[in-house]
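The values are calculated or read from the model by the stated rules, or taken from the named source; none is laboratory data. Computed from a prediction, not measured in an experiment: that's the story for all the values here. Cβ placement follows ideal geometry from the backbone for every residue including glycine, while neighbour counts extend to all protein chains displayed. Ligands, DNA and RNA are stripped out before the accessible areas are found, and what is left, the full protein with its side chains, is counted by its heavy atoms. Shrake-Rupley method; radii C 1.70, N 1.55, O 1.52, S 1.80 Å.
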Amino acid sequence: RAKQSGKGIACFFDTEMDEAVRTRRQIENDLRHAVLRRQLFLEYQPIVDLRGDRVLGYEALLRWIHPERGLISPDVFIPIAEQSGSIIQIGEWVLEQACREAAKWNEPLPVSVNISPVQFLLPNLFDQIFGILRRTGLEPRRLELEITEAALLHNREDVLATLGRLRIHGVHIVMDDFGTGHSSLSNLQTFPFDKLKIDCSFTALIDKDPSAHAIVRAIIALGNSLNLPVVTEGVETERQRQILVEEGCLQVQGFLTGRPGVAPSTGQEEQAREWSTEALRADG
Ligand code: C2E
Ligand code: MG
Ligand code: MG
Ligand code: MG
């Protein structure tokens, strides 16, 4: 049929393009209501100490249940939210929700929140964050903000000033997905980051591709010599874990040590359990 009519091909592609554009527009549009319609929630993935298997903190990961499409991955909807601007509202919701939930955890562990480069366009990001900390009662030192190198590409001086202010007030600043973006080692020299995260894409190849292994080794060595804790993300197998131990990595985050899931337990559940045991005793 393609031979018969060039027009037919054009039509075929048009329809397919239309479909993709329509889907995107729908997602973009529906995202605007996602906060108010309560379609968003957070999962928490443990960050674990490699030697003792101790949980050191949790990363908050955003989830969206679309009324028709079901669960949509943040890798799909975050870029759309960034382009349409709705990440501003969504990002504020994430911060508030993560801080409110973390404030209730049994153990005062840190919570890591991903911040989009677009959120730094807000002139009052510092005030927004400190307003949230005040409202939720979370201590600033329990909040870690994960930023990527893309955040330092535009308005670099303003972004660094905001990060510096946050850090002086006790908030920790983490460099996420190190080595995957517009990397520059001078970023590590310019700003006193509190932690470095190695991206899943390196970890996935660590036992297969010698260059991925070499890159991970170099990042861990760099972190160790800068006194910068390094977290390796995406650890799925015992073999990968073993290599990381050998390379001197101290912290991991991955399916092997814990998938993203419900929030860690809170004092309220304990309380509820105590009450129900009391009730049982009273009954018996
Ligand atoms: P990220 O910040 O680098 O988060 C780590 C991602 O790796 C998460 O994907 C997590 O589920 C996944 N992961 C963890 N362990 C493993 C593993 O062992 N194997 C594999 N294959 N994957 C693993 P997720 O939750 O789909 O999030 C994807 C990205 O979306 C995040 O990457 C982050 O860039 C973005 N994102 C998620 N939540 C938020 C948010 O609240 N705000 C912003 N701005 N971005 C977010
Ligand atoms: Mg992250
Ligand atoms: Mg990451
Ligand atoms: Mg990422």
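Can you give the FRET efficiency to the nearest 0.05 for Leu185 and Ser265, using r as the Cβ-Cβ distance and R₀ = 41 Å? Walk me through the numbers before you get to the answer.
On the way: r = 40 Å, r/R0 = 0.98.
Given R0 = 41 Å and the Cβ-Cβ separation, E is 0.50.
Mind checking which aspartates and glutamates have their Cα closer than 15 Å to the Cα of Lys195? Skip sequence neighbours fewer than 8 apart in that chain.
Excluding near neighbours in sequence, the set is Asp49, Glu59, Glu144, Glu146, Glu149, Asp176, Asp177, Glu233.
Share of the chain's accessible area from carbon and sulfur, percent, 1.4 Å?
Roughly 53 percent of what the probe reaches on the chain is carbon or sulfur.
Near Lys104, which aspartates and glutamates are there with a Cα under 14 Å away, not counting those fewer than 8 places off in the same chain?
By straight Cα distance, Lys104 reaches Glu96, Glu139, Glu269, Glu270.
Once you charge only the Cβ atoms, +1 for Lys and Arg and -1 for Asp and Glu, what is the size of the charge dipole of the chain about its Cα centre, to the nearest 20 debye?
Once rounded to the nearest 20, the dipole reads 460 debye.
Can you pull the one-decimal nm distance between simple spin-label points at Arg135 and Glu157, each 7 Å off the Cα toward Cβ?
My value for the distance between the label points is 3.2 nm.
Along the positive direction of the dipole of the chain (beta-carbon charges: Lys, Arg +1; Asp, Glu -1; about the Cα centre), which of Tyr44, Leu71, Ile115 reaches farthest?
My answer, from the dipole projection, is Leu71.
Give the shape of segment 6-130 as rounded, prolate or oblate, defined through the alpha-carbon gyration tensor: a ≥ b ≥ c are the square roots of its eigenvalues, a/c under 1.5 means rounded, and otherwise the shape is prolate if a/b is larger than b/c and oblate if not.
Judged from the Cα gyration tensor, segment 6-130 comes out prolate (a/c at least 1.5, a/b above b/c).
If the convex hull of the alpha-carbon atoms of the chain is projected onto planes in all directions, what is the mean projected area in square nanometres?
That works out to 21.7 nm², a quarter of the Cα hull's surface.
Grab the other residues whose beta carbon is less than 13 angstrom from that of Ala81, score K and R as +1, D and E as -1, and report the net. Numbers along the way, then the final one.
Numbers: positive: Arg24, Arg32; negative: Glu28, Asp30, Asp75, Glu82, Glu92.
Surrounding charge for Ala81 is -3.
Under 18 Å from the 7 Å Cα→Cβ point of Glu236, by amide nitrogen: which residues of segment 249-268?
Residues passing the 18 Å test: 252-261.
Give the accessible surface of the chain per residue, rounded to a whole number of Å², with probe radius 1.4 Å and ligands, DNA and RNA excluded.
Result: 55 Å² of accessible area for each residue.
Could you tell me which helices of the chain pass both thresholds, a Cα extent of 20 Å or more along their own axis and a mean Kyte-Doolittle hydropathy of at least -1.0, with helices taken as whole DSSP H runs? Kindly include the intermediate steps, with their values, before the conclusion.
Details: long enough: 6-34 (42 Å, -0.79); 87-102 (21 Å, 0.27); 210-225 (22 Å, 0.87); 267-283 (24 Å, -1.59).
Those that clear 20 Å and a mean of -1.0 are 6-34, 87-102, 210-225.
Once label points are set 7 Å from the Cα along Cα→Cβ at both Arg22 and Lys104, what is their separation, rounded to one decimal in nm?
For Arg22 paired with Lys104, the spin-label model returns 4.1 nm.
What does the net charge come to around Met175 if you take all other residues with beta carbon closer than 10 Å to its beta carbon, with K and R at +1 and D and E at -1?
Net local charge, Met175 excluded: -3.
When the helix-only estimate is applied to the chain (DSSP H runs of n ≥ 4, each -39,500 (n - 2.57), divided by the residue count), what is the mean residue ellipticity at 222 nm, nearest 500 deg cm²/dmol?
Values: 10 runs with 132 residues, N = 284.
The helix-only estimate for the chain comes to -15000 deg cm²/dmol at 222 nm.
For segment 80-217, what class follows from the C-alpha gyration tensor (a ≥ b ≥ c being the square roots of its eigenvalues): rounded when a/c is under 1.5, otherwise prolate if a/b is larger than b/c, else oblate?
Cα axes put segment 80-217 in the prolate bin.
For the residue pair Arg37 and Asp75, what label-to-label distance in nm results when each label sits 7 Å from Cα along the Cα-to-beta-carbon direction?
2.5 nm
Peptides 97-110, 184-197: what's the order by average Cβ count within 10 Å, highest mean first?
Sorting 97-110, 184-197 by mean packing, highest first, produces 97-110, 184-197.
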